[in-house]
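Report on one structure; see the data block that follows.
The values are calculated or read from the model by the stated rules, or taken from the named source; none is laboratory data. Note that the structure is a prediction, hence the values are computed from the model and not measured. Neighbour counts run over all protein chains shown; Cβ positions are idealised from the backbone, glycine included. Heavy atoms of the whole protein, side chains included, go into the accessibility calculation; ligands, DNA and RNA do not. Shrake-Rupley method; radii C 1.70, N 1.55, O 1.52, S 1.80 Å.
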Amino acid sequence: MTISLVPLKESSQDIVKTFNRWNNDPEIVHLIRPARSEEELTVEHNLTVESLAERLQTHDIFLIYADDRLVGEVNVMYDAAHLYSQEPGSAWLGLVIGEMVGRGKGVGTYALTLLEARLRSQGTPRIELGVFAF
């Protein structure tokens, strides 16, 4: 399986539709967004073309392809307020493997490896990945 990262440069209806499907998938929603109650997990969260365009102003987003099929996304936010360590220039990573075909096959691990290499090559001093406690 060939894994590649493709920078998302602009918002589109097709990408928004795909992200909304992933972000509201009951199989993985608990892995994507923090929630303090069952109700928070069942409320739909939908992006718009405009809100994704705004997100692109604060995040570097990369689409994850496995054998030329879009299976997920990884994103980077710099100097986020929720970083564990507030070292300037630190990167906070987010990862979603939205398609079942991409899960459990090392796609996410390899995508993070590719992203780490990219961030190191551009001189990012520190990379932080948050995970849910469970």
ask   = Okay, helix-only estimate at 222 nm for the chain: each DSSP H run of n ≥ 4 adds -39500 (n - 2.57), divide by all residues, round to 500 deg cm²/dmol; what do you get?
value = -9500 deg cm²/dmol
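Taking N as the number of residues in the chain, what is its Cα Rg relative to 2.2 N^0.38 Å?
On the way: Rg = 14.7 Å, N = 134, 2.2 N^0.38 = 14.1 Å.
The chain yields a ratio of 1.04.
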note = In whole percent, the Cα-Cα distances of the stretch 92-134 spread across 10 Å bins from 0 upward as 24, 49, 24, 2
query = Over the heavy atoms of residue 126, what accessible area does a 1.4 Å probe trace out, to the nearest 10 Å²?
reply = 50 Å²
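How do 59, 82 stack up against each other in accessible area, from largest to smallest, with a 1.4 angstrom probe? Can you show the working numbers first?
Values: 59 35, 82 100 Å².
The most accessible residue leads, giving 82, 59.
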request  = Give, in nm to one decimal, the length gained when the segment between residue 12 and residue 30 is fully stretched (0.36 nm per residue of separation minus the Cα-Cα distance).
outcome  = 3.9 nm
task = With label points built 7 Å along Cα→Cβ from the Cα atoms of residue 83 and residue 101, find their separation and express it in nm.
result = 3.7 nm
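When only C-alpha pairs under 8 Å and at least 6 residues apart count, what is the relative contact order of the chain, in percent?
Details: 191 pairs, mean separation 33.7, N = 134.
Taking the mean separation of contacting Cα pairs over the length of the chain, I get 25 percent.
Go through 9, 105 and list them by solvent-accessible area, largest first, probe radius 1.4 Å.
Working: 9 165, 105 115 Å².
Descending accessible area places them as 9, 105.
Give me the extension gain from residue 117 to residue 48: residue separation times 0.36 nm, minus the current Cα-Cα distance, reported in nm with one decimal.
On the way: separation 69, 0.36 × 69 = 24.84 nm, distance 3.08 nm.
Between residue 117 and residue 48, full extension yields 21.8 nm more.
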ask   = Of all accessible surface on the chain at a 1.4 Å probe, what whole percent is carbon and sulfur?
value = 52 percent
task = Let me have the relative contact order for the stretch 1-67, percent, based on Cα pairs under 8 Å that are six or more residues apart.
result = 61 percent
ask   = Length gain on complete extension for the stretch residue 124 to residue 40, per 0.36 nm per residue less the alpha carbon to alpha carbon distance?
value = 26.9 nm
note = If unit charges are put on Cβ atoms (+1 for Lys and Arg, -1 for Asp and Glu) and the dipole of the chain is taken about its Cα centre, the option from 121, 23, 97 lying farthest towards the positive end turns out to be 121
request  = At a 1.4 Å probe radius, which order do 18, 42 fall into by accessible area, largest first?
outcome  = 42, 18
ask   = So for the chain: antiparallel DSSP bridges make up what percent, rounded to the nearest 5?
value = 85 percent
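How many Å² of accessible area per residue for the chain, probe 1.4 Å?
So the chain comes to 61 Å² accessible per residue, rounded to a whole number.
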note = With x for Gly and Pro, the residue-by-residue ³J(HN,Hα) of the stretch 98-104, computed from phi through the Karplus equation 6.51 cos²θ - 1.76 cosθ + 1.60 at θ = phi - 60° and given in whole Hz, is x, 9, 3, 4, x, 8, x
query = Any idea which of 81, 48, 62 is furthest toward the positive side of the dipole for the stretch 28-86, if Lys and Arg beta-carbons carry +1 and Asp and Glu beta-carbons -1?
reply = 81
